[in-house]
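First the structure, in the form of structure tokens, and then the observations on it.
The values are calculated or read from the model by the stated rules, or taken from the named source; none is laboratory data. Owing to the predicted nature of the structure, the values given are computational and were not obtained by experimental measurement. Neighbour counts run over all protein chains shown; Cβ positions are idealised from the backbone, glycine included.
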């Protein structure tokens, strides 16, 4: 019986334990503040989603024990934690360090990191988000010296964890904004040398190698998320030059027109997968997004909303991903999902007041026999 790895991104901002988050969410509950305080907009639009599990602190190991149980029961067996490094130190590690890694049942669930190395601006602050513009609070680009600090922290604190996700024994590490990485390191050649250093240190830690995964941006990428520092992203030439081991994506909004019906979007997604197969000679792991609507983060209405992203539509998307992997039996059967808990982007698997456990049940239906 074939086993599939269903990996969901985790946005680790649903806690008040990180002091630097108070500049964005003063109530001390992280971005739950934005979720629970959503208000009608000038055009009458009102986002009214609510979590069935409540506004719980995801840096609490007991909370994460319950979430791990529910995730794995429905087929989600990998969490991809968004991981940040700003101003010379990590940011938003609490949910991973204090919640997930201290959960008694953590061994039921694998995890790996996606380095969210985009710039940070006022998009997280509801009072300032509509005018976030060119305001940069922290830069996501790092120097070579900082990169080495990142490498050692990641290897020592995470790669060596017994439930860190590997492919062929190699720890998987995803980089979100490849252009920003190159920018900070001072060009392609310096980036190639820095990646070689990362691989060397990973091998010295006892692994066969590093599995370097890039978040892929298409040539027609757009920026509707409010964060991304570069809109063109990693082309096939950059991927080849930097020696990536695989590629995937973070959100449908980055590569397809989203202001339409979910089923229409899936047609465009299938075409994008076909294009990637033709253009790239390294494995692509199929990506599925549950939706898109980031109006909770803004006071003014934001156009660009995925419509009819029902559990039935998500089930169709999951079957499409399964069929893609079955047609590529030479690669690890990994599906990457946005996301476990991106509430303020309306792309999550956690149960809500609209569909209940519908999204999780959709995954279970598709992969239950596996």
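Answer with yes or no whether residue 304 is touching a residue at least 24 places away in the same chain (Cβ under 8 Å) and buried (at least 17 other Cβ atoms within 10 Å of the Cβ).
On the way: touching a residue at least 24 places away in the same chain (Cβ under 8 Å): yes; buried (at least 17 other Cβ atoms within 10 Å of the Cβ): no.
So residue 304 fails the test.
Could you please find all residues in segment 326-339 being in contact with a strand residue (DSSP E or B) (Cβ under 7 Å, 6 or more places away or on another chain) and surrounded by fewer than 21 Cβ atoms within 10 Å (Cβ to Cβ)?
332, 333
Looking at segment 275-292, can you tell me whether even one residue there is in a loop (DSSP other than H, G, I, E, B), crowded, with 23+ Cβ neighbours inside 10 Å, modelled with pLDDT of 95 or more and out of contact with any helix residue (DSSP H, G or I) (no Cβ under 7 Å at 6 or more places or on another chain)?
Checked segment 275-292: at least one residue is in a loop (DSSP other than H, G, I, E, B), crowded, with 23+ Cβ neighbours inside 10 Å, modelled with pLDDT of 95 or more and out of contact with any helix residue (DSSP H, G or I) (no Cβ under 7 Å at 6 or more places or on another chain).
Considering only residues of segment 253-274 that are in a helix (DSSP H, G or I) and without any contact (Cβ under 8 Å) to a residue 40 or more places away in the chain, which is nearest to the chain's Cα centre (by Cα)? Write out each step before concluding.
Restricting attention to segment 253-274, the residues satisfying the condition of being in a helix (DSSP H, G or I) are 253-254, 262-274.
Filter once more, keeping what is without any contact (Cβ under 8 Å) to a residue 40 or more places away in the chain: 254, 264, 267-268, 271, 274.
Numbers: 254: 12, 264: 23, 267: 22, 268: 21, 271: 22, 274: 22 Å.
In this case the residue turns out to be 254.
Here are some residues: 200, 219, 193, 189. Which one is farther than 15 Å from residue 117 by Cα and at pLDDT below 90? Steps first, answer last, please.
Details: 200 fails: at pLDDT below 90; 193 fails: at pLDDT below 90; 189 fails: at pLDDT below 90.
Going through 200, 219, 193, 189 in turn, the sole match is 219.
Condition first: at pLDDT below 95 and either crowded, with 24+ Cβ neighbours inside 10 Å or closer than 20 Å to residue 251 by Cα (or both). Now tell me which residues in segment 340-370 satisfy that.
The answer is none; no residue qualifies.
Would you pick out the residues in segment 242-252 that are surrounded by 17 or more Cβ atoms within 10 Å (Cβ to Cβ), part of a loop (DSSP other than H, G, I, E, B) and touching a residue at least 40 places away in the same chain (Cβ under 8 Å)? Steps first, please.
Within segment 242-252, the subset surrounded by 17 or more Cβ atoms within 10 Å (Cβ to Cβ) is 242, 244-252.
Subsequent filtering for residues that are part of a loop (DSSP other than H, G, I, E, B) retains 244-245, 249-251.
Those that are surrounded by 17 or more Cβ atoms within 10 Å (Cβ to Cβ), part of a loop (DSSP other than H, G, I, E, B) and touching a residue at least 40 places away in the same chain (Cβ under 8 Å): 245, 249, 250, 251.
Yes or no: residue 261 touching a strand residue (DSSP E or B) at 6+ places or on another chain (Cβ under 9 Å), at pLDDT 95 or above, surrounded by fewer than 20 Cβ atoms within 10 Å (Cβ to Cβ) and under 25 Å from residue 194 (Cα atoms)? Before the answer, list the steps.
Details: touching a strand residue (DSSP E or B) at 6+ places or on another chain (Cβ under 9 Å): yes; at pLDDT 95 or above: yes; surrounded by fewer than 20 Cβ atoms within 10 Å (Cβ to Cβ): yes; under 25 Å from residue 194 (Cα atoms): no.
When the stated conditions are applied, residue 261 does not pass them.
What number of residues in segment 94-110 are closer than 19 Å to residue 30 by Cβ and crowded, with 20+ Cβ neighbours inside 10 Å? Let's see the steps before the verdict.
The initial filter retains those residues of segment 94-110 that are closer than 19 Å to residue 30 by Cβ, namely 94-103.
If we keep only those that are crowded, with 20+ Cβ neighbours inside 10 Å too, we end up with 94-96, 99-100, 103.
Selection size over segment 94-110: 6.
So residue 329 fits all but one of (1) part of a strand (DSSP E or B); (2) farther than 20 Å from residue 263 by Cβ; what number is the exception?
Single failed check for residue 329: (1).
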